[in-house]
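Data first, discussion second: the structure below is written as structure tokens.
What follows is calculated from the coordinates using simple rules that are stated; it is not laboratory data. Please read these numbers as outputs of a predicted model, since none were measured by experiment. Cβ coordinates were reconstructed from backbone atoms using ideal geometry, including for glycine residues, and neighbour counts include every protein chain displayed.
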Amino acid sequence: MSSINQIITPTLLPNFRNLGTVLRAILLVNAVALFVALTQADTFSDLLQQLLHGSALLQPVLLTSLLLLYALAPVFAKLPYWQATAAIVVLISLVTFGLDVMGGELFSSQSDVGSFRYIRHVLESAIVILLLLSYFRWRALALSPARQAARLQALQARIRPHFLFNSINAVLAIVRADPKRAETALEDMSDLFRMAMSEPHELVELSKEIELVRQYLALEQLRLGERLQVQWNTDKMPPDALIPPLVLQPLLENAVYHGIEPLTDGGIIEVRIYREDKELHLQVGNPVSPTGKPHNAGHKMALSNIRERLSLLFDVEADYQVEREAGYYSVHILIPYVTETL
Amino acid sequence: MSNDAVILPLSIFIVDDEAPARARLKDLLADCDVQLSLQVVGEASNGQEALDKLAEVHAEVVLMDIRMPQMTGIELARHLNKLEQPPVIIFTTAYDTYAVKAFEQRAIDYLLKPIRLGRLFEALSRARDAVPIRTEILQELMPEARTHLSVHERGKVILVPIEDVLYLRAEMKYVTVRTAEREYLVEESLTAMEREFSIRFVRIHRSCLVAKAAIVGFEKGGDEGESGWLVKLQGISETLPVSRRQWAGVKNLGSI
């Protein structure tokens, strides 16, 4: 049972180290604070007063909690969901209580009697964090069918039937004349399809993806011969980086299908992979025929597919841009530089 | 055909942009040759090359890929129809649901890649009695604009890239095609050409279409009954009168 669950259940706990999660948490908590202030205020100046007063305790608690969650994220990730939730609620309650005690008179209001204020603040914190966690849980569940669908769609887009049949045709053409080369071609093809049809991995080694791309290009070279040339710029490529599987390959496939194939004399595809601080850049550029109109539908599908997968994995931390100048087309993808699985 | 007549080998021409695909066809044709007398008379990797070579040698059957650079197989088929003895065309395609459906509806012969010996044999056996595909049907198959105009001149088919054309002018039953270098005559209707190339050309007169990109400006002049304006075009000194009716739609073009 557990093995089935592992496949179907998405991670319900948010990734506390993701910028998107942090931004959402800050926005939602402050929205709650604003709502509370609104219900208590009588005038506009009173509203500001209420907000300021509330923020005095709220902001330190929020920031400390986010820092602690960031630090402890791997620990929570290992716990079962409900235990992790309980642990987080306890942690946040302790943070609230601790800061409340340290602040002393600073956080009290005139109407407070005795120690009730501590209970009030801790309970408020616990309720807000539970609301937040339920929101993230709901979001993970709501997005998971999209994730599955995106995967299926990705599978379909990855194997362009045109490529499959043309490659088989090319292999058939050399079977008699060059059986050795035909063998290699079939081996490349089987590696490529094994990857495309495999269970989705969240991240794979960049070097593996590059090897796959090279096998793919060897197959295309078989058909296109000298028309297809590729220039690799990978000097500044981090050897240990991880990337989502089949992000680079579809970019190359697009470059071949829409760029090189329609050109009578072919052209050069440029691939640049480099790291800049905490970001990994993947860039693929190709010449395009000035007269031929691009087959946009297929192109856009493959690209929106990649975009969707990137945003599911990295949220706002991934960026993706397409540049189209006269006779040249390039795609630039930026993802966080990671060396461990999320 | 009487029994004692000598049957000449079926002459076949191959057009495909991929060398292995052509090699594969030649292998299979060699296999067919055992039972079916045939002869490969040439091969080409794109439309222009095919037209040039087919002006020199005659082929009864052309085996042709659809997706090729420069121009599609369907457009090439339209140009080949201008030859004095148009060949029978058999399309080959790797994967194209749309084209396959269209071919089936119009009973056009096609082969799916990877091509099987049996299917190729059948198609060639039928080819001797087949008739070339009608141009109108090819036009239906590819409703988008052609990339080239084809001109039939002294037994040859010359291709004129549509982006080189400055204007098209109807005269009697022909249309004059003007490029910066020279003029050609084609036997087509200006109205149909206006429809096909509406993105690129604009009508300035009942009998004249002008390439929008070639318009450099306007000058006063022209005969009575016209708008009084002449279009100046890039690369040629000739100016063309704009009719009163078309002036409103034309005057904002040029110098853009």
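Listed values, structure above:
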read-out: Length gained when the stretch A:Ala31-A:Phe193 is fully extended (0.36 nm per residue, less Cα-Cα span); value: 53.5 nm
read-out: For the range A:326-335, Karplus couplings with θ = phi - 60° (6.51, -1.76, 1.60), whole Hz, Gly/Pro x; value: 4, x, 9, 10, 9, 10, 10, 10, 10, 10
read-out: Dipole magnitude (debye, nearest 20) for the protein assembly as shown, charges at Cβ of Lys, Arg, Asp, Glu; value: 980
read-out: Efficiency of FRET between A:Leu123 and A:Glu205 - r from beta-carbon atoms, R0 51 angstrom, step 0.05; value: 0.60
read-out: Peptide B:10-19, shielding by other chains (average Cβ, 10 Å cutoff); value: 3
read-out: Net charge, B:Lys53 excluded, C-beta distance under 14 Å - Lys, Arg +1, Asp, Glu -1; value: -3
read-out: Dipole-positive endmost among A:Leu19, B:Tyr174, A:Ala126 within the protein assembly as shown (Cβ charges, Cα centre); value: A:Ala126
read-out: Fraction of the pair-distance distribution of the protein assembly as shown above 31 Å, Cα-Cα pairs, percent; value: 65
read-out: Cα shape, the range B:181-238, gyration tensor, a/c 1.5 rule; value: prolate
read-out: By average C-beta atoms within 10 angstrom, highest first, the peptides A:222-230, A:172-180; value: A:222-230, A:172-180
read-out: B:Asp129 paired with A:Ala218, simple spin-label distance in nm, labels 7 Å along Cα-to-beta-carbon; value: 4.9
read-out: Added length on full extension, which subtracts the Cα-Cα distance from 0.36 nm per residue, A:Leu23 to A:Thr264; value: 81.8 nm
read-out: Sequence-separation-based contact order of chain A, relative, with Cα cut under 8 Å and 6+ spacing, percent; value: 15
read-out: Rough spin-label spacing in nm, given labels placed 7 Å along Cα→Cβ, for A:Ala326 and A:Arg139; value: 4.5
read-out: R0 of 60 Å, Cβ-Cβ distance B:Glu56-A:Thr339: FRET efficiency to nearest 0.05; value: 0.45
read-out: Tensor-based shape of the range B:68-136 (alpha-carbon gyration tensor, a/c under 1.5 rounded, otherwise prolate or oblate); value: oblate
read-out: Projected label distance in nm at B:Ala192 and A:His53, using a 7 Å step from Cα toward the beta-carbon; value: 8.5
